[in-house]
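**Q** Mind having a look at this structure? Questions to follow.
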Amino acid sequence: MHLKAEDLPARLHDLRRVYLVCGDEPFLVEEAVTRIIEAAAAAGIGERQRFFLESGFSWAQFREALASPSLFAARTLYELRSREAREGLGRELPACLPLVAPDSVLLVVTGALDRAAQKAAWVEAASREGHVVIATPLAGEPLFAWVRARLREVGISNEELARRISYFTEGNMGAAADAIARLKSEPHPDAEALAAIMGDEARFDVFAVTDAALKGDLATTHRYTNRLRMEARDPILVSWALAREVRLLCRMAARQARRAPLAELFRSERVWPARQALLLAALRRLPARRLRGLWRACAELDRTNKGRAGGDAWVLIERVALGLAGLSGGGEVG
């Protein structure tokens, strides 16, 4: 059976012999692996053997390990990891599946599989014997549902918090999980506590840059972008956060030019009232011409991040951030 990673917990009461975990969302991949290992331990599987499909790996030795259970533990979890879906998996894995003892577990962890690869014979063989768990990044309503469920797991039932966390951390599920974990330890896990967590200067969260820019705070925007650069943070995530705000402001400006109400846009983009005020204030500060220039700068930044254009991504990030904050000439390309 093929499962989404977020649907796995509901299926772990019935432990299967084989699990294939794949995907391009590292946090969800590792979380799925952890859940399977914990479920196996709870079911009485006392030994875990790890194998890595890399140079020097022997399929013959792996098959021997599957066929010869440990003398010290009657039930074993065999974990086989591969950075990507290497050719050997498709050729060798089907022959390994029948060797897994009925009361043991084979856990195979690999990278993303495209739609064609998900239908390959070796993947279907794993699906017949157990579960194929696919971990893909969540966004929009699926991310909100995931955050809400995670909050409820730690005893917090608050729709507003779920909306805020999913909005601020879309594109970085590890950050969402971290925010939830930190809220769990707060005596009053409310919006104020979340703001303190997300804006903690010791972490210099990337979304603090967008908040400062939308507020028109040039000094804070410059300080945050400079600190993120000095900490060698991932420019792609910072770029994505800035581009999201610029795109939304461009859409707001276009609707405003047509004298169309913004309520529908805010609803579809899941923008809560407090953030609506922040965006509206930014829209009043930034003329449409400036926003178009910022969007062109975001496009150039995206090409730079993908290696399709030269230049320094952090120089472009600062240009976009300061332009969003209102610096004259900020965001102009060329």
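**Q** Apply the Kirkwood formula to the chain: the hydrodynamic radius equals the inverse of the mean of 1/r over all pairs of different alpha-carbon atoms; give it in Å with one decimal.
**A** On the way: mean 1/r = 0.0443 Å⁻¹.
Evaluated over the chain, this radius sits at 22.6 Å.
**Q** Next question. Suppose R0 equals 51 Å. What FRET efficiency, 1/(1 + (r/R0)^6) with r the Cβ-Cβ distance, do ARG284 and ARG81 give to the nearest 0.05?
**A** Details: r = 52 Å, r/R0 = 1.03.
After rounding, the FRET efficiency stands at 0.45.
**Q** Carbon and sulfur: what percent of the chain's accessible surface (1.4 Å probe)? Before the final figure, lay out the partial values.
**A** Values: 8360 of 16420 Å².
Carbon-and-sulfur percentage of accessible area, whole number: 51.
**Q** Then there's this: To the nearest 0.05, what FRET efficiency results for VAL154 and GLU192 with a Förster distance of 25 Å applied to their C-beta separation? Mind dumping the intermediate values first?
**A** Values: r = 18 Å, r/R0 = 0.71.
FRET efficiency, VAL154 to GLU192: 0.90.
**Q** With a Förster radius of 51 Å, plug the Cβ-Cβ distance of ALA299 and ARG16 into 1/(1 + (r/R0)^6) and report the FRET value to the nearest 0.05.
**A** Numbers: r = 46 Å, r/R0 = 0.90.
Computed FRET efficiency for ALA299 and ARG16 comes out at 0.65.
**Q** Mind listing which GluC sites (Glu not before Pro) in the stretch 165-245 are in a DSSP loop and have 14 or fewer other Cβ atoms within 10 Å?
**A** Numbers: sites: GLU170, GLU192, GLU201, GLU231, GLU245; in loops: GLU170, GLU201, GLU231.
Filter output for the stretch 165-245: GLU201, GLU231.
**Q** Contour minus end-to-end for LEU99 and ALA145, with contour as 0.36 nm per residue of separation and end-to-end as the Cα-Cα distance? Walk me through the numbers on the way to the answer.
**A** Working: separation 46, 0.36 × 46 = 16.56 nm, distance 3.86 nm.
Between LEU99 and ALA145, full extension yields 12.7 nm more.
**Q** Sketch the reach of a paramagnetic label on ILE236 as a point 7 Å from Cα along Cα-to-Cβ, and name the residues of the stretch 144-174 whose backbone nitrogen lies under 16 Å away.
**A** Inside the label zone: 170-174.
**Q** OK, next. What are the residues whose amide H is under 5 Å from the amide H of VAL105, where those residues sit 5 or more places off or on another chain and H is modelled from the backbone?
**A** Counting only residues 5 or more places away or on other chains, the set is THR76, LEU77, TYR78.
**Q** For the stretch 209-314, run through the trypsin sites (Lys or Arg not before Pro) and keep only the ones in DSSP coil with at most 11 other Cβ atoms within 10 Å of their Cβ.
**A** Details: sites: LYS215, ARG223, ARG227, ARG229, ARG233, ARG244, ARG247, ARG251, ARG255, ARG258, ARG259, ARG267, ARG270, ARG275, ARG284, ARG285, ARG289, ARG290, ARG292, ARG296, ARG303, LYS306, ARG308; in loops: LYS215, ARG233, ARG258, ARG259, ARG270, LYS306, ARG308.
Sparse-neighbourhood loop trypsin sites (Lys or Arg not before Pro): ARG258, ARG259, LYS306, ARG308.
**Q** With the other protein chains left in place, how much accessible area per residue, in square angstrom, belongs to the chain at a 1.4 angstrom probe? Provide the component values of the computation, followed by the final result.
**A** Working: 16420 Å² over 334 residues.
Averaged over the residues of the chain, the accessible area is 49 Å².
**Q** On the full set of protein chains, 1.4 Å probe, figure out the accessible area of SER268 and give it in Å² to the nearest 10.
**A** For SER268, the solvent-accessible surface is approximately 70 Å².
**Q** Let me ask something else about it. I need the phi-derived Karplus couplings for the stretch 102-107: 6.51 cos²θ - 1.76 cosθ + 1.60, θ = phi - 60°, integer Hz, Gly and Pro marked x.
**A** x, 9, 10, 9, 9, 10
**Q** HIS2's amide H: which non-local residues (gap 5+, or another chain) put their own amide H closer than 5 Å, with H modeled 1.01 Å from N in plane and none for Pro or chain starts?
**A** Counting only residues 5 or more places away or on other chains, the set is VAL132.
The values are calculated or read from the model by the stated rules, or taken from the named source; none is laboratory data. These figures come from a predicted structure and were not determined experimentally. Quick reminder, even Gly has a Cβ in these numbers, built from the backbone with ideal geometry, and neighbours come from all protein chains shown. Side chains are part of the model used for accessible areas, which takes the heavy atoms of the whole protein and leaves out ligands, DNA and RNA. Shrake-Rupley method; radii C 1.70, N 1.55, O 1.52, S 1.80 Å.
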